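Structure record follows, encoded as structure tokens.
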Amino acid sequence: MKILITGHRGFIGQNMVAALKDEHELSYYEWGDTPPDFTNLDWCIHLGAISSTNEKDVEKIMRQNHDFSCLILLACIENKVNLQYASSASVYGLGNNFREDAPPQPASPYAWSKYLFDRSVMSQNFTNIRVQGFRYFNVYGPHEDHKDQPSPHHRFTKQAEQTGVIKLFEGSDQYRRDFVPVSEVIDIHKKFFNVDESGIWNVGTGQPQSFQHVAETIAEGMEAKIEYIPMPDDIKLQYQKYTCADLTKLKASLNASNSKRNI
């Protein structure tokens, strides 16, 4: 298949390229490049975005995350190209209902930009293409070095390597997140090439772990110590204490697709 990947230099983008390059014909786009050619494409995988939940420039976030995503969607509709795109579990905010139809509670410009594009997608009925949005939970894995907000797995491992001390927020035994390996995220994208359905799905493990557990596991494996530090004031109000992907819809769609292929 011919697949355009946006954000291919990013964390998930680099992993996506590595997973697809041997089986498909890929083209790429990064923000600021010459607009991509959508003719004769089978899929666009739209991963490019400002991913920092601490970014305060609302206009910048809306322009690059929401407005550009709308242009990508329009180009896909006009050229009859199927679209997969990265949404985020941040749209659920500080609540504990993680079904795709749960009331949104975005608590940052980043989360709002993701929700508003989700909303644009959900308001349309696609007939000639498939549009598949994936609400990633806490993704971790290779190629996180450039991120300003790397996953705890990456951050703790680097700290253990460089200083022998992992710095952990006080009360981290109470913070539990759904940490999902990037390899599993890529696997979901690949499986959904065969799902004849548009919509939005959660992508996680459904098995949250505490930050304390992650730090202790890494510390034990690397013979590092743990040092407790206060949480910075600028992230306290929007810090999610708990996330857990409800995978009911995801599993149903994959099961239905597998059943059709086995008929």
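The values are calculated or read from the model by the stated rules, or taken from the named source; none is laboratory data. As the structure is a computational prediction, the values presented were derived from the model and not from experiment. As a convention, Cβ positions derive from the backbone with ideal geometry for all residues, glycine included, and neighbour counts pool all protein chains shown. Side chains included, ligands, DNA and RNA excluded: accessible areas come from the protein's heavy atoms. Shrake-Rupley method; radii C 1.70, N 1.55, O 1.52, S 1.80 Å.
Considering the conditions (1) over 26 Å from ASP145 (Cβ atoms); (2) assigned to a helix (DSSP H, G or I); (3) open to solvent by less than 70 Å² (accessible area, probe 1.4 Å), VAL185 is excluded by exactly one of them, (1). For region 130-147, a residue qualifies if it is assigned to a loop (DSSP other than H, G, I, E, B) and either free of Cβ contacts under 8 Å to residues at least 60 places away in the same chain or closer than 22 Å to LYS236 by Cβ (or both), and the qualifying residues are PHE137, ASP145, LYS147.
Go through the residues of region 158-167 one by one and say whether even a single one is small (Gly, Ala, Ser), outside any helix (DSSP H, G or I) and either in contact (Cβ under 8 Å) with a residue 12 or more places away in the chain or open to solvent by 30 Å² or more (accessible area, probe 1.4 Å) (or both). If you could, list the steps in order and put the result at the bottom.
Keep residues of region 158-167 that are small (Gly, Ala, Ser), which gives 160, 164.
Imposing the further condition that a residue be outside any helix (DSSP H, G or I) reduces the set to 164.
Next cut, either in contact (Cβ under 8 Å) with a residue 12 or more places away in the chain or open to solvent by 30 Å² or more (accessible area, probe 1.4 Å) (or both) only: 164.
Checked against the condition, which is being small (Gly, Ala, Ser), outside any helix (DSSP H, G or I) and either in contact (Cβ under 8 Å) with a residue 12 or more places away in the chain or open to solvent by 30 Å² or more (accessible area, probe 1.4 Å) (or both), region 158-167 yields at least one hit.
Going by the conditions given, is TYR28 farther than 22 Å from PHE137 by Cβ, in contact with a Ser or Thr (Cβ under 9 Å, 6 or more places away or on another chain) and surrounded by 15 or more Cβ atoms within 10 Å (Cβ to Cβ)? Show your work before the answer.
Working: farther than 22 Å from PHE137 by Cβ: yes; in contact with a Ser or Thr (Cβ under 9 Å, 6 or more places away or on another chain): yes; surrounded by 15 or more Cβ atoms within 10 Å (Cβ to Cβ): yes.
It is true that TYR28 is farther than 22 Å from PHE137 by Cβ, in contact with a Ser or Thr (Cβ under 9 Å, 6 or more places away or on another chain) and surrounded by 15 or more Cβ atoms within 10 Å (Cβ to Cβ).
Of the numbered criteria (1) open to solvent by 30 Å² or more (accessible area, probe 1.4 Å); (2) among the aliphatic types (A, V, I, L, M); (3) outside any helix (DSSP H, G or I), the one ALA252 fails is (3). Across region 46-81, the qualifying residues are those that are within 21 Å of ILE186 (Cα to Cα) and of a type in the set (Val, Ile, Thr), and the one among them that is surrounded by the fewest Cβ atoms within 10 Å (Cβ to Cβ) is ILE50.
Has region 224-237 got any residue that is touching an Asp or Glu at 6+ places or on another chain (Cβ under 8 Å), open to solvent by less than 30 Å² (accessible area, probe 1.4 Å) and closer than 27 Å to ALA86 by Cβ?
Narrowing region 224-237 to residues touching an Asp or Glu at 6+ places or on another chain (Cβ under 8 Å): 226, 228-231.
Now drop any that are not open to solvent by less than 30 Å² (accessible area, probe 1.4 Å), which leaves 231.
After this cut, where a residue has to be closer than 27 Å to ALA86 by Cβ as well, the list is 231.
Yes, region 224-237 contains at least one residue that is touching an Asp or Glu at 6+ places or on another chain (Cβ under 8 Å), open to solvent by less than 30 Å² (accessible area, probe 1.4 Å) and closer than 27 Å to ALA86 by Cβ.
Scanning region 1-25 for residues that are open to solvent by 30 Å² or more (accessible area, probe 1.4 Å), under 26 Å from ASP145 (Cβ atoms) and outside any loop (DSSP other than H, G, I, E, B) turns up GLN14, ALA18, ALA19. With respect to (1) part of a helix (DSSP H, G or I); (2) exposed (fewer than 14 other Cβ atoms within 10 Å of the Cβ), the lone exception for PRO35 is condition (1). Within region 103-128, being aliphatic (A, V, I, L, M) and touching a helix residue (DSSP H, G or I) at 6+ places or on another chain (Cβ under 6 Å) holds for ALA111, LEU116.
Pairs please, first residue from region 55-81 and of a type in the set (Gly, Ala, Ser), second anywhere and assigned to a helix (DSSP H, G or I), Cβ atoms under 7 Å, 6+ apart in sequence or on different chains. The qualifying pairs are SER69/PHE117.
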